[in-house]
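A.B. asks: Supplied in structure tokens, the structure appears directly below.
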Amino acid sequence: IVSLLLQVWKPVETLFKKWLYDTEIMDYFCGCMSGAVRVTQTQYAPVVQLTVAVLVEGFLACYNPLFLDVGAQLVGMFGKDQSQIESVATLVDQMIAICFKLFEITNLHDHTDVVQKLMHFLTWVVRSSMLLFIDLNRTSRVFGYSIAALSLPELPTVRATSLFLSEFIRHCSQREEALFVVSHNASDLLSSVLKAVGGGVPRHMLEPMTDVLLAMNKHCPDLLAAGLMNMVTQEGFPSGAVSRTQKEAFAKSVLREKVHKKRLQELVQEFYLVCRMMNW
């Protein structure tokens, strides 16, 4: 299959450029590439560099989120392959840059489908190698956008975002620059999460917030403790309906739950109800 792909790549690429702005054809094209990667797996290696060029060109032209899906497959398959690391790193860098361009001219709320696929893509980047984040400033911006994405109204997008954040936090100790990004943004992250837990989101959105709290408690407990202390001392935050004593009790209980997600979920839901004055 790979040999055949290499033989027909030029005419396929010509057709690709011709129909680049046809959404239906691009969806089909992405489906074909995804199937080729899935079937051939590591044997797809000779086509990786060519595929990266096409994915970047296609995504830049029409922002079709399916290009991010195929990119995630490549990252997951070849992100640890030293012979392909340059191509994969280029893919990561360029896809992130294109998303930045999109978010700068519009906003996250207008492209929640792209945000969701980007978070899925970035999760595979983290799982493959933190070294694929080659630009510290760009990585910090990614983290900032992900914090903003937690406030989006679509549950699948928020779930994908919390998964990326949790994975990034879990792996941040592997690289000093990544740890810096988490430390630098921890206050904003926890403020967003605690605002949600304090009644700022519908109840069904609480589980993704719990995942972030659990990741912070396991891997960055000092940062979580500082964020919770800030919540305790900040009057009226995250809700005017909760007392300082109740916030202190919540903070202490959260910091004890480093393993049991179910118990942490119960704590978060109880606190949520108190904040919304629904704890009757």
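A.B. asks: Ignoring solvent entirely, what values of log10 I(q)/I(0) come out of the Debye formula for the stretch 103-146 at 0.21, 0.27 Å⁻¹ when each Cα is a single scatterer?
C.D. replies: Relative scattering, expressed as log10 I(q)/I(0), comes to -0.75, -1.06.
A.B. asks: Enter the accessible area of residue 111 (Å², nearest 10), with the probe set to 1.4 Å and all protein chains included.
C.D. replies: That residue has around 40 Å² of solvent-accessible surface.
A.B. asks: Turning to a different aspect of this structure: Taking the chain as the reference, fit the longest principal axis to its C-alpha atoms, fit the long axis of helix 221-233 to the helix C-alpha atoms, and give the angle between the two in degrees, 0 to 90, nearest 10.
C.D. replies: With rounding to tens, the tilt is 50 degrees.
A.B. asks: Using alpha-carbon pairs under 8 Å, 6+ residues apart, how would you state the relative contact order of the stretch 169-280 in percent?
C.D. replies: Dividing the mean separation by the residue count of the stretch 169-280 yields 32 percent.
A.B. asks: Enumerate the residues in the stretch 13-52 having an amide nitrogen under 17 Å from the point lying 7 Å beyond the Cα of residue 61 toward its Cβ.
C.D. replies: 13-34, 50-52
A.B. asks: Lysine pairs, Cα distance under 18 Å, 8 or more residues apart or cross-chain: how many in the chain?
C.D. replies: Lysine pairs satisfying the spacing and distance rule in the chain number 10.
A.B. asks: Right, here's the next one. Report the Cα centroid-to-centroid distance between the stretch 43-113 and the stretch 177-202 in angstrom, as an integer.
C.D. replies: Each part's Cα centre sits 27 Å from the other's.
A.B. asks: Could you tell me which of rounded, prolate or oblate describes the chain, using a ≥ b ≥ c as the square roots of the eigenvalues of the alpha-carbon gyration tensor, with rounded for a/c under 1.5 and, failing that, prolate when a/b is larger than b/c and oblate otherwise?
C.D. replies: prolate
A.B. asks: Something else now. Output the relative contact order of the chain, whole-number percent, from Cα pairs under 8 angstrom with separation of 6+ residues.
C.D. replies: Contact order relative to length: 13 percent.
A.B. asks: Reported to two decimal places, what Rg/Rh ratio describes the stretch 129-280 when computed on Cα atoms with Rh from the Kirkwood expression?
C.D. replies: 0.96
A.B. asks: Net charge around residue 270, counting only other residues with Cβ within less than 14 Å of its Cβ (Lys, Arg = +1; Asp, Glu = -1)?
C.D. replies: Overall, the nearby charge balance is +4.
A.B. asks: Scan the chain and hand back the longest stretch that contains none of the trypsin sites (Lys or Arg not before Pro) lying in DSSP loops with at most 16 other Cβ atoms within 10 Å.
C.D. replies: 81-174
A.B. asks: Explain nothing, just the number: dipole magnitude of the chain about its Cα centre with +1 on each Lys and Arg Cβ and -1 on each Asp and Glu Cβ, in debye rounded to the nearest 20.
C.D. replies: Value, rounded to 20: 740 debye.
A.B. asks: Heavy-atom accessible area of residue 23 with all protein chains present, probe 1.4 Å, nearest 10 Å²?
C.D. replies: Accessible area, nearest 10 Å²: 90 Å².
The values are calculated or read from the model by the stated rules, or taken from the named source; none is laboratory data. Because the structure is a prediction, the values reported are computed rather than measured. Reconstructed Cβ throughout: ideal geometry from the backbone, glycine too, with neighbour counts over all protein chains shown. To get the accessible areas, we keep the full protein, side chains included, count just its heavy atoms, and leave off ligands, DNA and RNA. Shrake-Rupley method; radii C 1.70, N 1.55, O 1.52, S 1.80 Å.
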